[in-house]
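**Q** What follows is a single structure, and I will ask about it in a moment.
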Amino acid sequence: MSNKRLRDKVAIVTGAGTRGPMTGTGQATAILFAQQGAKVLLVDLEIERAEDTQATIELESGQASVFQADVTQESSCRAMVETCLERYGALHVLFNNVGIGGSGMVTEVEDSVWNRALDGNLKSAVFACKYAVPKISDSGGGAIINVSSIDGLRAGMTPNIPYAVAKGGLVTLTKAMAVHHGRENVRVNCIAPGHLHAPFVAEISEEQRELRRKAGPLGTEGNAWDVAWAAVFLASEESRWISGIVLPIDAGLLAATPLSVLDHIY
């Protein structure tokens with residue numbers, strides 16, 4: 001008997017590719033999902049990035065296929081879910097991983113920056129969930145995992161208000177959906193990563209990386225695999241009685257760090 005934690009499950013991972021040589025959270029999660037027995041639809045705006053992830057999965061005899069989509073568009077999210085059903089006949093897990101930055105204080109941010117941050121971080125998840133929830137329920141139930149950020153849970157010194165507001169909205173979306181769709185056998189949870197060394201911050205200096213490491217009580221730096229293993233747990237039957245939570249993956253940063261420590265981190 002297989003001991004794979006996601007055996008016979010079908011998952012959609014958005015933002016499943018990665019830019020550059022570093023492994024991103026979507027790519028790492030897709031790889032682990034496949035290793036644990038899931039069939040994975042790899043969704044990305046840049047199809048070549050998703051194909052790189054697919055190649056890695058297939059080298060390990062996993063099952064995955066790619067789908068190009070701009071998940072900020074509702075029609076693309078509908079097509080994404082329809083394609084998953086056409087290829088695999090079911091849907092059990094949705095991993096909403098797409099994230100877009102947005103910098104500035106509220107007194108200076110242009111409308112276009114607000115729109116981009118909200119579309120990329122929040123509305124993309126709303127659209128994906130809209131079409132995924134009924135299909136997950138029809139497939140016997142499953143899990144939705146939204147990727148927020150510690151910036152959606154607390155105010156930091158970095159002036160990234162549009163990003164933080166959008167990620168905070170994703171936290172509230174998670175809790176509301178957990179309440180509204182629990183009786184449809186759909187669990188909804190959220191991961192809030194902290195200072196990961198990932199493609200999103202690939203250009204920061206070694207000095208900045210050291211400041212980020214020191215910000216958390218563990219004094220170490222996370223990576224995409226830390227998020228991915230948490231996603232495996234939340235996607236699996238091991239978390240069958242867990243819904244509506246926000247799980248920080250942050251080396252304990254939220255538990256103890258004063259705001260002054262966060263100054264000049266980025």
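**Q** Which peptide among 29-37, 108-116, 221-229 comes first, and what is the full order, when sorted by highest mean count of other Cβ atoms within 10 Å?
**A** So the order, starting with the most tightly packed, is 29-37, 221-229, 108-116.
**Q** To the nearest 0.05, how large is the calculated FRET efficiency for residue 85 and residue 213 if R₀ is 51 Å and r is the Cβ-Cβ distance?
**A** That gives a FRET efficiency of 0.75.
**Q** Another question, then. Which ³J(HN,Hα) values in Hz, rounded to whole numbers, follow from the phi angles of segment 238-248 under the Karplus curve 6.51 cos²θ - 1.76 cosθ + 1.60, where θ = phi - 60° and Gly and Pro get x?
**A** 4, 10, 4, 10, 10, 7, x, 9, 10, 9, x
**Q** Let me ask something additional. For each of 147, 98, 40, count neighbouring Cβ atoms within 10 Å of the residue's Cβ, then give the residues from fewest to most.
**A** 98, 147, 40
**Q** Give me the one-decimal nm value for the distance between modelled label points at residue 201 and residue 22, 7 Å along each residue's Cα-to-Cβ direction.
**A** Modelled inter-label distance: 0.8 nm.
**Q** Cross-link partners among lysines for residue 123, C-alpha distance below 18 Å, same-chain residues fewer than 8 apart left out?
**A** 167, 175
**Q** Same structure again: Could you grab the relative contact order for segment 10-255? Cα pairs under 8 Å, six or more apart, rounded to a whole percent.
**A** 20 percent.
**Q** Could you work out how far the C-alpha centroid of segment 170-239 sits from that of segment 1-58, in angstrom?
**A** 16 Å
**Q** Another question about this same structure. Suppose only helical runs count, i.e. DSSP H with n ≥ 4. What mean residue ellipticity at 222 nm does that imply for the chain under -39500 (n - 2.57) per run, divided by all residues and rounded to the nearest 500 deg cm²/dmol?
**A** So the helix-based figure for the chain works out to -13000 deg cm²/dmol.
**Q** For residue 241 and residue 172 in the same chain, what is the full-extension length gain: residue separation times 0.36 nm, less their Cα-Cα distance, in nm?
**A** Taking 0.36 nm per residue and subtracting the Cα distance, the gain is 22.9 nm.
**Q** Round to the nearest 0.05 the FRET efficiency obtained for residue 256 and residue 106 when R0 = 45 Å and r is the Cβ-Cβ distance.
**A** 0.95
**Q** Using a 10 Å cut-off around each Cβ, can you sort 119, 138, 70, 250 from fewest to most neighbouring Cβ atoms?
**A** If I rank by nearby Cβ atoms, fewest first, I get 138, 70, 119, 250.
**Q** Same structure again: Grab the beta carbon distance between residue 130 and residue 63, set R0 = 35 Å, and tell me the FRET efficiency rounded to 0.05.
**A** 0.85
**Q** What lysines sit close enough to residue 4 to cross-link, taking a C-alpha to C-alpha distance under 27 Å and skipping anything fewer than 8 places away on the same chain?
**A** Output for residue 4: 39, 135.
Laboratory data are not the source of any read-out in this text; all were calculated from the coordinates shown. Please read all numbers here as calculations on a predicted model, not as lab measurements. We place every Cβ from the backbone using ideal geometry, glycine too, and count neighbours over all the protein chains shown.
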